[in-house]
Structures are given as structure tokens and as C-alpha cells.
There are 2 protein chains.
Amino acid sequence: MKTINLDYLSANPLLPEVQEAMIKAIRTNYGNPSSPHQLGDQAHEALEQARESVARLIHCPKPQEIVFTSGGTEAINTAIKGVALAQAKKGRHIVTSNIEHNAVLRSLRRLRMMDFQVTSVGVDEYGRVDPEEVARAIREDTILVTVMHSNNEIGTLQPIEEIARITREKKIPFHCDAVTSVGVIPVDVQKLGVDLLSFSANQFYGPSGVGGLYIRSGTVLWPLLDGGVQENNKRAGTENLIGIIGMGAAAEAAVRDMEDRIRHCRRLKERLIRGLKENIEDIFINGHPELSLPNLVSVSIRYIEGEGIVLMLDEENILVSTRSACAAGALQASHVLLAIGRDFADAQGTLVITFGRETSEADIDRFLEVLKKVVRTLRDMSPLYNKKK
Amino acid sequence: MKTINLDYLSANPLLPEVQEAMIKAIRTNYGNPSSPHQLGDQAHEALEQARESVARLIHCPKPQEIVFTSGGTEAINTAIKGVALAQAKKGRHIVTSNIEHNAVLRSLRRLRMMDFQVTSVGVDEYGRVDPEEVARAIREDTILVTVMHSNNEIGTLQPIEEIARITREKKIPFHCDAVTSVGVIPVDVQKLGVDLLSFSANQFYGPSGVGGLYIRSGTVLWPLLDGGVQENNKRAGTENLIGIIGMGAAAEAAVRDMEDRIRHCRRLKERLIRGLKENIEDIFINGHPELSLPNLVSVSIRYIEGEGIVLMLDEENILVSTRSACAAGALQASHVLLAIGRDFADAQGTLVITFGRETSEADIDRFLEVLKKVVRTLRDMSPLYNKKK
């Protein structure tokens, strides 16, 4: 039976043209972009071409403001720790939201171990941050604000432009974790007005382990990786050129196909949400009904456990996730779901369904059909459910 | 005319079998190793198989002691900053040598900006560290010793076992930057007795931008990348699986072919050094005559500039380097050459010639022939040389 992948968030399949670009790069056997001879020149050119493609994707006017990283996590760690450590003499206070990705949360936790202080603003029932709350949280000694562009568990978009207006007025660097947005929906660093923006190639059908950080000129931060003078002196280490070339190809395709992809995903999302509501009782659809990612649906299915659903669906060759793969090994309930008001039990019964260009309406229909059976089976075994009845 | 690559250090060409393994990985379109479903399982298996291959290469008994990184630079930064920050409450003093790679030097410089202190021990005329000097440099508050396995500019090997005996007795974590050794010559973490050891895939015909850090169980360090629970909670971020699979294939080939490769390189090295001495007057061969890498020759050619030689050789399709590609953008004279007693002028006239499995004796002969002409041309234009005459 055909495998239905509804866990695109964990790993987008590589686009055929990304595969071809990477295979061509492998066969070309590039040299080191830093070498002062012909092999170096050729590699350097390929590197800068990818940088231009990625810059276009986020409407970054100067490609040299893009630093390639080993993925979203490194970009986020670089932005947060880099600014904090470079600015520590000015102040040690950081403002964030309480629904950030683990890469943000744990970078901040690390900084707290180094005597930084963090204020985390809450969100409403849809997971939206109120820019006014960010403004109120800012202190004299605030040196960084970090809020995500879209949430990786519930898809809600944040009012980044409004927050940026506040941080620019107060001259505080603003980092935006846009890993789940870049390449999926339009992201324009100029319009947004952010100083730093993190992204990852795999969210737009590029390879895993490759990402980037936009650093607006003039933003002061320490590199996370010290060593050679690569990446404009902001990220040492010989580049993963094959992966970067793959990201460049993925960025070009994303620019070209974004509208079609969004239209396709919106149609699937509507069908999925309607089907969930029609087929299964006692559920919540999490996240904002309009201001959210087109390729993600989060559903809390009461009285049962998400882990059990994932395993039973897997046996039917349907792949979904309970939350981000990064957090799959962690056993606590999702801080995002708790933040929007779900209780512990409902948070445990949550599925994150993500899809993309290869997903068909038939895939959604089959998922709904199998899910209905699985939920019935699990609820029949659930003491909570039987008590409720 | 055939291009002769004598700059293997900057970028080893990918082995055909590494290319095939990576292309197969691209076409397989792996999922995320952290996903709790079949796509995740398959990816996880591929990841752990590569880890086992890499573990075998450095005689690491427990593959989980290997953490995959985005290259040697990240491994080195993780080891040095990770141990220093985790141990800062115990002490803030670090011992190193004065011929380390920039990734080590600049990580330490960063730590000095955070109130750590560094003692740097000198080397002899061959670039060898005296273990007794390391012992004398160690203080009550020393929390880390970091000394490289082999030098990337002159090839000299260090007495790592002897230094490790000292650090183990004093219970101080010992990091060894073995980037230019692993996969080139035998490296056995058990015999060496180090606690941390950094390496990079590209030094053994694997892809650039992929590396690893051996962390002996029980060694306490903070991850450089915080976020998800990947890599045994020691390095967050979705893995560059395609690159890691390439490193795994490269490690297997290195284990299998190491003896042959060393024999081949030694023959070339002897021929090259003999040719240099016979063909060009007023030169120094840098580094230890026996205790050094088989695939590297450093030669200081007096009265002329290395940069000029590189450019003129490049026009003849012969690729060499003046020093590591990582430092190519930096204009200072090599700290390594100054440390072994070369003066500024001689340091500037130095070539680093590195070679490997595809290099032939004919390549070496042609290089010698062209170099002789180039040196003559440049010396004819050199006021220093004419004055000397």
C-alpha cells in the first residue's frame, strides 16, 4: 500500500530539481571556496550563486547579509547567543514568547545559566502574541527580542511587523525564527523590519542540515563558530557546498512555485479540517483559523494519546507526528498547547498533520477514513472516554 | 593541460564510492531520523550505520561517543567552548600550544573575551610541543588542555599520548584537534587517551561541511547548539544525513585503504622533498623530518612571496596553497611558521603542498619543473634576492 506522508514538517521530500542540482554538485567535485586558485574560484562562484537565490527568496537586498549555517537550529543559536554575548555589557535581558521552538527556548535557557534574564510573553487562545505585551516587557537593559514567524506546532503566524516597529523605535535587535515560514509563505525581511531571521532549507524541499541566517548590516553579534574567515567573518568552517547548492535550487523553485503551492495546500487544509470536524467528535483544531500556515493542521483528539494514534497510523502506512520531530524524544506535554489553554490530557492527544506538493485530496480522504477507525479503537479502550460517555 | 591538484588539504576530491553513497542517499529521500514512524526508522538506521563506520575509523569502542557536526570547526568550537563554559565554576584556565589551527585559536580568543585565561606553550624548531612544558603550564584552575594531533601547515605530529598521560593524572579534560590526521594516519582514541577529538570528513575524501567530535563518556560539556534532543542530547538540529552518509562511506574506505594511501603518499613526499632540494637553492623544508603527515610538504622559498608563486602555478594549472584555505583571507604571516623560527619574510614565501591518492609521480615531477621556472622568474624580479647575490 502506498505510504502517505503527512509529516512534511519533519522532512520535506527533496524536489527532483534539488536532487539533480546536488548530484551535479557531487559529480563536479568542487574545491574549497576559500582557495586562491581556479578550483577555489569555481566553488566560490557556486556558493555565491546559491546565496543570491536564497537572498531573493526572503527579499534580502544584499546577499552578503545571508550567512549559511548547518540548519535552522544553528541559525537560531547564532542569532540569540551571538547577540546576547556581544551585547552583554549593555544589558542582559531578553524578551521572547512562550510558544517558541526548542532551539530558541533552550538557547535562552543556556543564557539564563550565564546570568541573562528572560521575559516570556504569553499568547492568546490562537497562539498569537500581542505586540503591546512585547512593548511592556522591554526594559532599559533589554538587548534582544526573539519571536517566531509561525509556530511549528499549531501554525499560527505572529504580528512580526508590529513587533519590529516597536523594537526599531527602541533600537533593540529583533530576531525572528522563520524556519517554518521561509519558502512556505512570503517572507520579506525588508517589510518585516527584523534584524535577524533564521530559516532552514528542508522546509522548502531542500536538504536537511542546511539553513541560513539573515543578519541585517550593522547588527552586532559574535559568531557561534570561530575559526576561518568564511561567510563574511560571521561563521567559520568550510562550507557544506553540496547542501548549499541544494538549498539554492530549492529557493529558486520556492520563489517560482510559491503561489501554486499555497493554493494547493489551502485546498487540502480546508478539506482536512472539514473532514476532521465531520468524522470525529470531541476535537479541537488548534491555532488561528486564518492567520496560520497553509500546510499544517494541529488537532487535539480528546480522551486518547497522540503517540498511540501515530503508531497505529504508521501500521497503515500513514505518517503523522505528535509534534516536531526535534521534540519527539522529549516526554513532556507540548508547551505550545499548554500556552494556548489546552490541558495536559488534550495536549497529549494532539496530532500535527503537515503536507505539501505531493499530497493529494485522495491522501487526505484516506487519512480521514483510517483516522476515524483508529480513534474509535483507541477510544473504546480509553477509560477517560468511557467515563465521559 | 591536465590540472594538477596539490592542494588536497583545502578540498579532498570525493571518492567515487562516497559520491555513489551520497547520490543513493539523495535518491532514497530519507526522512528525519527523529521521526517516530517508518520514514524516521529508516533514516535513523542509516545515521547509526554511518556512526559505526566513523567509530571504527578512530577505534572508538562506543559509537554513541561520536557526535556528528557540520565540520572540524564546529567540532573544535564545541569541544573548547563546551568544556570551558560547563567547567567555568571550577576554573577558567586553559592550556594550548602556539601552533594550533585558527578554529582553536579563535575559540580561545573568544573565551578570553569572557574572562578565561589561556597559556600557550611553545614548540621546537620542528613544531613539536614538549609534554613537560604542558605539565608545567597546568595550574590549579586549569579546566582544559587542547593540543592538535598534526599541524595543518607543517604536518608535524604531536606527542598526544604523553600529554594525555599528564592530563589524565591531573583529571583535566584533554581535547585534540585531529582534523588533519583522522582518516590520513592511524588515530586510536583509546591509545591516545584523549577525552575529546575533532575531525572532518573532507580530510579523508568525504564531503566538506561534515565532521565529528569524539566525546569520551563522562566528559562534561555544554552543547554549542541547543534545541532538539538529537545526537545524544549533545548537538541539536536535524542532521545533514546525506553528508553524514558520505562521511560513513569515506570512513570505511579510509579503514580499508589507509596503509596503501600512506605508502603512496610517503613515496611522493620523498620524491618531492628530494626534488625541491635538488632544484631550488635557499629553501627550508618545514616540519619534523619523520614525525609528520605523509601527505604534506611545507617549503619556505626565500626572497619571494608565496602568493605570487600560487598565482603563477595556477596559470599553469597547478594548484597549491600558501597555507590553510581557512586562513587564505587573512593577511598576517603564519603564526605556525613564526613559532618554529622562520622570520616574517620566509613565512611569506612558504608553500603548503598536499596530495593524495590521485597524485602521481609525474604530477610531482611536472610541479617541480614548473616551480623551478616560476621561482627563477620571481627571484629575478626580487630586490631581496638580487641584493643577496
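Read-outs: derived from the displayed coordinates by stated rules, not from any lab. Just so it is clear, the model here is predicted, and its values are computed rather than measured. FYI the Cβ positions are ideal-geometry reconstructions off the backbone, even for glycines, and counts take in every protein chain you see.
For the range B:113-257, rounded, prolate or oblate, judged on the Cα gyration tensor with a ≥ b ≥ c (square roots of eigenvalues), a/c < 1.5 rounded, else prolate if a/b > b/c? Walk me through the numbers on the way to the answer.
On the way: a/c = 2.05, a/b = 1.30, b/c = 1.57.
Judged from the Cα gyration tensor, the range B:113-257 comes out oblate (a/c at least 1.5, b/c at or above a/b).
What does the charge add up to near A:Glu48, with Lys and Arg as +1, Asp and Glu as -1, over the other residues with Cβ less than 14 Å from its Cβ?
After counting each charged neighbour, the total is -3.
Per residue, how big is the convex hull of the protein assembly as shown when only Cα atoms are used? Give it in Å³.
Working: hull volume 122.0 nm³, N = 778.
It is 157 Å³ per residue.
Averaging sequence separations of C-alpha pairs under 8 Å and six or more residues apart, then dividing by the length of the range B:84-206, give the relative contact order as a whole percent.
Computed over the range B:84-206, the figure is 23 percent.
About its Cα centre, how strong a charge dipole does the protein assembly as shown have in debye, to the nearest 20, once Lys and Arg get +1 and Asp and Glu get -1 at the Cβ?
The calculation lands at about 1200 debye.
Please report Rg over Rh for the range A:42-190, where both radii come from the alpha carbon positions and Rh follows the Kirkwood definition. Let's see the in-between values first.
Details: Rg = 15.6 Å, Rh = 16.0 Å.
So for the range A:42-190, dividing Rg by the Kirkwood Rh gives 0.97.
Take each uninterrupted DSSP H stretch in chain B, measure its Cα extent along the helix axis, and return the ones at 27 Å or beyond whose mean Kyte-Doolittle hydropathy is at least -1.0.
Counting only whole DSSP H runs, the qualifying helices are B:38-57, B:241-279, B:361-380.
Within the set B:Lys269/B:Lys389; A:Lys2/A:Lys277; B:Lys81/B:Lys171, which residue pairs have Cα atoms separated by over 22 Å?
Long pairs (Cα-Cα over 22 Å): B:Lys269/B:Lys389; A:Lys2/A:Lys277.
Can you give the helix-only mean residue ellipticity at 222 nm for the protein assembly as shown, where every DSSP H stretch with n ≥ 4 adds -39500 (n - 2.57) and the sum goes over all residues, rounded to the nearest 500 deg cm²/dmol?
Per the formula, -13500 deg cm²/dmol.
Look at the axis of the rotation that sends chain A onto chain B, then give the chain A residue with the nearest Cβ and the distance in whole Å.
Smallest Cβ distance to the axis, with its residue: A:Ser70, 2.
With an 8 Å cut-off on Cα pairs and a minimum separation of 6 or more residues, tell me the relative contact order of chain B in percent.
Numbers: 778 pairs, mean separation 87.7, N = 389.
Relative CO of chain B lands at 23 percent.
Assign one of three labels to the range B:172-241, namely rounded, prolate or oblate, based on the Cα gyration tensor with a ≥ b ≥ c the square roots of its eigenvalues; rounded applies when a/c is under 1.5, prolate when it is not and a/b is larger than b/c, and oblate otherwise.
Taking the square roots of the gyration eigenvalues as a ≥ b ≥ c, the range B:172-241 is oblate.
Using R₀ = 60 Å, calculate the FRET efficiency as 1/(1 + (r/R₀)^6) where r is the Cβ-Cβ separation of B:Lys2 and A:Glu281; round to 0.05.
For R0 = 60 Å, the calculated efficiency reads 0.25.
Which FRET efficiency value, to the nearest 0.05, is calculated for A:Glu307 and A:Gln117 with the Förster distance at 41 angstrom and r the Cβ-Cβ distance?
0.70
Taking each residue of B:69-82 in turn, how many C-beta atoms of other protein chains fall within 10 Å of its C-beta, and what is the average?
For this peptide, the per-residue mean of nearby foreign Cβ atoms is 5.
In µm²/s, what is D for the range B:9-109 at 20 °C and 1.002 mPa s, where D = kT/(6 pi eta Rh) by Stokes-Einstein and Rh is the Kirkwood radius from Cα pairs? Don't jump to the answer; show the numbers that get you there.
Details: Rh = 16.7 Å.
Estimated via Stokes-Einstein, D reaches 128 µm²/s.
By count of other Cβ within 10 Å, fewest leading, how are B:Glu305, B:Glu140 ordered?
Result, fewest neighbours first: B:Glu140, B:Glu305.
To the nearest 0.05, how large is the calculated FRET efficiency for B:Asp365 and B:Gln38 if R₀ is 41 Å and r is the Cβ-Cβ distance?
Values: r = 56 Å, r/R0 = 1.36.
Computed FRET efficiency for B:Asp365 and B:Gln38: 0.15.
Straight-line reach from B:Lys234: which aspartates and glutamates fall under 14 Å, measuring Cα to Cα and dropping same-chain residues less than 8 apart?
A:Glu74, B:Glu65, B:Glu74, B:Asp226
Suppose we keep just the DSSP beta bridges with both residues in the range A:16-253; what percent of those would be antiparallel, to 5?
Details: 11 of 26 bridges.
If we restrict to bridges inside the range A:16-253, about 40 percent are antiparallel.
Partner chain Cβ atoms within 10 Å, averaged over the residues of A:197-210 - can you pull that number for me?
Going residue by residue through A:197-210 and averaging, the value is 3.
When the scattering of chain A is computed by the Debye formula from its Cα atoms alone, each counted once and equally, what is log10 I(q)/I(0) at q = 0.08 Å⁻¹?
The computed values of log10 I(q)/I(0) come out as -0.43.
When the dipole is taken about the Cα centre of the range B:16-253, and only Lys, Arg (+1) and Asp, Glu (-1) are charged at their Cβ, what size is it in debye, to the nearest 20? Mind dumping the intermediate values first?
Numbers: 24 positive and 28 negative charges, 142 e Å.
Charge dipole of the range B:16-253: 680 debye, to the nearest 20.
When you count, for each residue, the other Cβ atoms within 10 Å and take the mean per peptide, how do A:241-247, B:187-193 rank with the highest first? If you can, show how the numbers build up before the last one.
Details: A:241-247: 29.1, B:187-193: 17.1.
Peptide ranking by packing, descending: A:241-247, B:187-193.
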